[in-house]
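The values are calculated or read from the model by the stated rules, or taken from the named source; none is laboratory data. Predicted, not measured: the structure shown is a model, and the values here were computed from it. Every residue, glycine as well, gets a Cβ built from its backbone with ideal geometry; the counts of neighbours run over all protein chains shown. Just so you know, the surface numbers come from the protein's heavy atoms only, side chains and all, with ligands and any DNA or RNA stripped out. Shrake-Rupley method; radii C 1.70, N 1.55, O 1.52, S 1.80 Å.
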Amino acid sequence: MNTIFQRALGILLTGSILVAACTKIEQLPFYEKGSAITLSSSTSQVTATAADTAKSVLGLSWTNPKYGADSNTFKYVISIDSSGRNFSREVTRTVIGNRSFSLLGKELNAILLNYGFALGTAYDLDIKVASSYGNNNERYESNVVKVKVTPYNDPGVLTTQNTSVSTSLANASQPSNAFTWIPPFNGFSGTITYTLQYDSAGKNFASLKEIPIGNNILTRTLTQGEMNETALAEGVAGGTTGRIEYRIRAVTAQGATSISNSVAVTIQTYIPILRFYMPGNYQGATGNGNNWDPGTAPEFIRDLRPGATNNLYYMYIYLPAGAEFKFTQGRSWDINYGGTGGNLSTGGANFSVATSGVYRISIDRTGMKYDIREGRMGFVGGATGADWIPGNTFPNFAMGHPAPNLFVGLTTFTTGGWKLIDNNGWNNSDLTVTNTRSYGSNGGSGSPLLINDNNMPDITTAGRYRVIWDGRNPDQLRYEISPGTEMRLVGDGISGVNAWDPGASPQMTWLGNGRWSITVSLLANKDIKFLAGNAWGAFDYEDASGGSQAVGVARKIRWEGGNNFKTPATGGTYTIVLDENNQTVTFN
């Protein structure tokens, strides 16, 4: 009896579950699978212009997929790609509910530009639509519609802060004129590289020149010097007025190029300072920059005498045997000179020297002449051993040449007048590349030098003096003079000597020709320096070798301030030779 009851109860429970299950299934929503859609386009060809930037240029519509739900929830994904790529680089747009979509001119153009399409050239696009429920179920793809499209030029708009400017050499670094522009290709969000182009007004940019701006930069302010250069580069003579036109060249990362409108600026120019440099194969080996690199090449000294400004240039430089070089106006190869037989020629043959040595190299830019001869500097005058006879100056009263456009020398003076001179004969007052240059000054140590003019200030107290001829600043030659009667070794690295006590420090022995010597016991890894007097404030030398402790190797020295010299890593007795002419010191 119990078994029959249990079986009956099981059948009842099973029936109840089945009834309940049937009820729940009927309560679930039913989703129709729908059907594939058909896409159509409003046109088979789009040739838009900049005027269509904000207009609808391509309309797309498709049939109802007839899913079993509210059509406002249907999802459509539009795919666009260049024909033949099977949508491998597709651009997509998603639409919910609507069965149509349109692209504005700027939107379609941005798509084409990102594909790298050239402006004005027709290309085929493939377009399709994928439909689905909002949860991406029951996804179907439409047919592919082909549309021929042509990207258009949508140029930027350039404006100028001023339509007329005046420039001057004194204010060359001051801001002069700002150019600003609205970017081209409205709707395009990629990288655009800009270049400011300019040319003489009316030439339609037939002989344009360019100023690089950079990526995604929408303004550039030019200084008075830069505005002046744009005018001079287009043939406007210094000290006159000319009209220059400017425009912006824009290039997308994919290569589409657009040119803006042009704006004109009238420029009152000035006569600029032209600068010349000497790139060559000698640069790397002599510490003068990178070989054949105008950007790091030594600069010529500008002769600022009346009639010589922007015409005559020169330098004193060491060159190794076989060195080849050229001259450039500015730090680029745009304007460069070579030549033979003393005659300059634009883009001409390389210059060269057969033997190593110090050379004086001179340029006459307007006369198109050059001169290469031995480079030297020496003492001449009644207060010197050479007297007023330049032929007596070399070699006995010559100065050392430690660096380009730099001479250092010590000599014994009596009282009276003197000068520095770079040749063994006086100048003949002309302005030529072969002319001797003698140097004087109207002031004391640290003052500017004058070329072929006054003498140096008279020596009033006889004795040995140190003189520095310094042309490292090509805009201002100057000289320094200080007593050269003694040289002391000071510091905390001298055994048995008070640390940093000039008065108690040992004196070096004068050897002549700019050289001093001392044999002394040194402590290891300590500091020393050289002082030309018995008290602080006298002329002194510091280290220019980067902290070298090398023995038997000449270390570079400097007098413009710097770190102390390091004594050798091993203490002991050393002979130190200080060579002021060559600006070195050696520990042996």
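What are the ³J(HN,Hα) couplings of segment 67-73, residue after residue, when phi is run through the Karplus curve with 6.51, -1.76, 1.60 and θ = phi - 60°? Round to Hz, x for glycine and proline.
Coupling constants for segment 67-73: 6, x, 7, 5, 5, 5, 9 Hz.
Can you work out the Karplus-derived ³J(HN,Hα) for every residue in segment 291-296? Use 6.51 cos²θ - 1.76 cosθ + 1.60 with θ = phi - 60°, whole Hz, and x for glycine or proline.
3, 6, 10, x, x, 10
With each run of n ≥ 4 DSSP H residues scored as -39500 (n - 2.57), what mean residue ellipticity at 222 nm is computed for the chain after dividing by its residue count and rounding to the nearest 500 deg cm²/dmol? Spell out each step's value before the answer.
Numbers: 4 runs with 50 residues, N = 588.
Calculated mean residue ellipticity at 222 nm is -2500 deg cm²/dmol.
For segment 75-161, how big is Rg over Rh, using alpha carbon atoms and the Kirkwood form of Rh? Don't skip to the answer; put the middle values down first.
Details: Rg = 15.8 Å, Rh = 14.5 Å.
With Rg and the Kirkwood Rh in hand, the quotient comes to 1.09.
Using alpha-carbon positions, what is the distance between the centroids of segment 477-499 and segment 218-257, in Å?
Cα centroid of segment 477-499 versus Cα centroid of segment 218-257: 54 Å apart.
Roughly how far apart, in whole Å, are the Cα centres of segment 514-588 and segment 65-106?
One Cα centre to the other: 80 Å.
Per residue, how big is the convex hull around the C-alpha atoms of segment 229-319? Give it to me in cubic angstrom, could you? Walk me through the numbers on the way to the answer.
On the way: hull volume 12.2 nm³, N = 91.
Dividing the Cα hull volume of segment 229-319 by its residue count gives 134 Å³.
In µm²/s, what is D for segment 447-540 at 10 °C and 1.306 mPa s, where D = kT/(6 pi eta Rh) by Stokes-Einstein and Rh is the Kirkwood radius from Cα pairs? Walk me through the numbers on the way to the answer.
Values: Rh = 15.5 Å.
Rounded to a whole number, D works out at 103 µm²/s.
How much net charge surrounds residue 441 when only the other residues with a Cβ under 13 Å from the Cβ of residue 441 are counted, with Lys and Arg +1 and Asp and Glu -1? Working shown, then result.
Details: positive: 419, 478; negative: 453, 458, 470, 480.
Neighbour charge sum, excluding residue 441 itself: -2.
Rounded to whole Å and sorted largest first, what semi-axes of the equivalent ellipsoid does the C-alpha gyration tensor of segment 310-356 yield via the square root of 5 times each eigenvalue?
19, 13, 11
Taking θ as phi - 60°, what are the ³J(HN,Hα) couplings along segment 182-196 by the Karplus curve (6.51, -1.76, 1.60), each to the nearest whole Hz, with x for Gly and Pro?
Rounded to whole hertz, the list is 7, x, x, 6, 3, x, 7, 10, x, 7, 10, 9, 10, 9, 8.
Let me check I've understood the local charge: for residue 566, count other residues with C-beta under 10 angstrom from its C-beta, Lys and Arg +1, Asp and Glu -1. What total comes out? All intermediate terms of the calculation are to be shown ahead of the outcome.
Details: positive: 526, 555; negative: 527, 543.
Value of the local net charge: 0.
What residues have an amide H closer than 5 Å to that of residue 162, excluding those fewer than 5 places away on the same chain, when H is modeled at 1.01 Å from N in the peptide plane?
Here the answer is 178, since their amide H atoms fall under 5 Å of that of residue 162.
Quick one: order 497, 129 from most to least accessible surface, probe 1.4 Å. All intermediate terms of the calculation are to be shown ahead of the outcome.
Values: 497 40, 129 0 Å².
Order by accessible area, largest first: 497, 129.
Where the only charges are on Cβ atoms (+1 Lys, Arg; -1 Asp, Glu), what is the dipole of the chain about its Cα centre, to the nearest 20 debye? Don't skip to the end; give the middle numbers.
Numbers: 45 positive and 44 negative charges, 307 e Å.
Rounded to the nearest 20 debye, it is 1480 debye.
Out of all Cα-Cα pairs in the chain, roughly what percent, to the nearest whole number, are more than 43 Å apart? Numbers along the way, then the final one.
On the way: 90732 of 172578 pairs.
I get 53 percent for the Cα pairs in the chain exceeding 43 Å.
Which of the peptides 94-100, 504-510, 221-227 is most tightly packed, and how do the rest follow, judged by the mean count of other Cβ atoms within 10 Å per residue?
On the way: 94-100: 13.0, 504-510: 15.6, 221-227: 19.4.
Taking the mean over residues of other Cβ atoms within 10 Å, the ranking is 221-227, 504-510, 94-100.
May I ask you to rank 182, 211 by accessible area, largest first, using a 1.4 Å probe over the protein chains only?
Details: 182 105, 211 30 Å².
The ranking, largest first, comes out as 182, 211.
Hey, which lysines would be in cross-link range of residue 106, C-alpha to C-alpha under 21 Å, not counting anything within fewer than 8 residues on its own chain?
Candidates past the 8-residue exclusion: 55, 128, 146, 148.
Less than 18 Å apart at the alpha-carbon level, and either on another chain or at least 8 residues along: which lysines does that give for residue 369?
326
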